[in-house]
Amino acid sequence: MSSVIWYLYEFARKSWAESFAVAKTNAEIVETPERFRDFPAVFPEYCIACGACTAACPAPNAIKLVRSEDTAEEEGITYPVINNRGCIRCGFCAEVCPTDPKTITCGENHLIREDFTILPTERMFVIDDYLCIRCKKCLNACQVEGAIKEEDNKIIIDQSKCIACGNCLDSCPVKGAVKGIYISNVQEQKDIINVIVNSLEESIESERDNISHLTDHEVYKIDVPVTELAKRARNIISNDDLILDTFQKITDRLKLRIVTWDDEKCKKCQLCVNECPSGAIKYDADENVVLRDTEKCLRCSTCYQTCPFGVAGYYVARFLLNPPSLEDGIIHITVKASQLPIGAD
């Protein structure tokens, strides 16, 4: 009986109640694991507004694209914003982000360190520890002793010894486990990515009549030869290896939300104009027409869900470059209708 009374006394003490209410872990005993995946970090200046991060995110409302306002000096920029209350830290957004350097990073796996390299090179090779199967084929293929080594059951590349020969990439049996990162010509890579993304979106838009009647379970396929895109990319930079590498990164894991626009269905109600969060949709009173600026569009689907007449179409597209060649390569596109509700229905 006395023990019961003691417990009741302990629970009743004000000091105990206060300690319980503000209980927290002592910061001095917290140790963050080396591979701890924290909430994504965003670098807006690298964003190309492709929307891949929002399409890949499995957590509702965890990530969205926003656009800053235009000023007299410069146009606003589009970039992702992370909602930590919805984010589950899966890292998918960082994994599919096609820019180099990445717009979104999420833990050590997605952090490209600019370590000192003895030999000047345009390309850095890194090992993705999440995809690596520890087969050690890269280690055996490396021609420089100590450039690739095993530490704490992890295969790592010593950037101070690596000569960027690419043998590790060629020998690796797991696609993506060894990544070749071009650390120069960053702006040129962004320009090429913009060319690819805009061209692929135009190709899908040109097939609007064929995809506009897709049911929820149908898939429409489009094949785009890569030759013309390669020609436009060569006008940006004359480095076929870098161009092909960029093409493969874009088409390998990229998933895009695509918005099409059918002017003939528009009744000029301007509901979409008022709802568009980025100012991408405007009404021209002189011409009595509603115009959509694809450069400002965030592919957020607001217009699709708002319009009662089906002017905006909303689709999800995936891409694959096969064979991986700038001469005879084909970008295979698969398009599915969005599962979101439309305003008229």
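Just wondering, is there one or more residues in the stretch 270-277 that are out of contact with any Gly (no Cβ under 6 Å at 6 or more places or on another chain), farther than 25 Å from LEU65 by Cβ and at pLDDT 90 or above?
Quick first cut of the stretch 270-277, residues out of contact with any Gly (no Cβ under 6 Å at 6 or more places or on another chain) only: 270-277.
Now restrict to residues that are farther than 25 Å from LEU65 by Cβ: none.
Among the residues of the stretch 270-277, not one is out of contact with any Gly (no Cβ under 6 Å at 6 or more places or on another chain), farther than 25 Å from LEU65 by Cβ and at pLDDT 90 or above, which makes the answer no.
Hey, can you tell me all the residues within the stretch 162-183 that are in contact with a Ser or Thr (Cβ under 9 Å, 6 or more places away or on another chain) and open to solvent by 30 Å² or more (accessible area, probe 1.4 Å)?
We begin by selecting, within the stretch 162-183, every residue in contact with a Ser or Thr (Cβ under 9 Å, 6 or more places away or on another chain); these are 162-164, 178, 182-183.
Passing the criteria: ILE163, ILE183.
Yes or no: the stretch 297-308 includes at least one residue that is at positive phi, among the charged types (D, E, K, R) and open to solvent by less than 20 Å² (accessible area, probe 1.4 Å). The answer is yes; a qualifying residue exists. Give me the pairs: first residue in the stretch 313-334 and closer than 14 Å to LEU256 by Cβ and part of a strand (DSSP E or B), second residue of a type in the set (Val, Ile, Thr) and open to solvent by 60 Å² or more (accessible area, probe 1.4 Å), beta-carbon distance under 7 Å, and six or more apart or on different chains, which are they? Note: pairs meeting the criteria are THR334/VAL219. Residues that are among the hydroxyl-bearing types (Ser, Thr, Tyr) and at pLDDT below 90 were ranked within the stretch 279-301; the one that is farthest from ARG257 (Cα to Cα) is THR294. In the stretch 192-209, of all residues being under 16 Å from the mean Cα position of the chain (by Cα) and open to solvent by 30 Å² or more (accessible area, probe 1.4 Å), the one that is farthest from GLY313 (Cα to Cα) corresponds to ASN194. For the stretch 208-241, which residues satisfy the criterion of being among the aliphatic types (A, V, I, L, M) and at pLDDT 90 or above? Scanning the stretch 208-241 gives VAL219, ILE222, VAL224, VAL226, LEU229, ALA230, ALA233, ILE236, ILE237. Taking the criterion of being open to solvent by 20 Å² or more (accessible area, probe 1.4 Å) and of a type in the set (Gly, Ala, Ser), the only residue of the stretch 225-252 that qualifies is SER238.
The values are calculated or read from the model by the stated rules, or taken from the named source; none is laboratory data. Values in this document were obtained by computation on a predicted structure and should not be read as measured data. Every residue, glycine as well, gets a Cβ built from its backbone with ideal geometry; the counts of neighbours run over all protein chains shown. Each accessible area value is taken on the protein alone, full model and side chains, heavy atoms only, with ligands, DNA and RNA left out. Shrake-Rupley method; radii C 1.70, N 1.55, O 1.52, S 1.80 Å.
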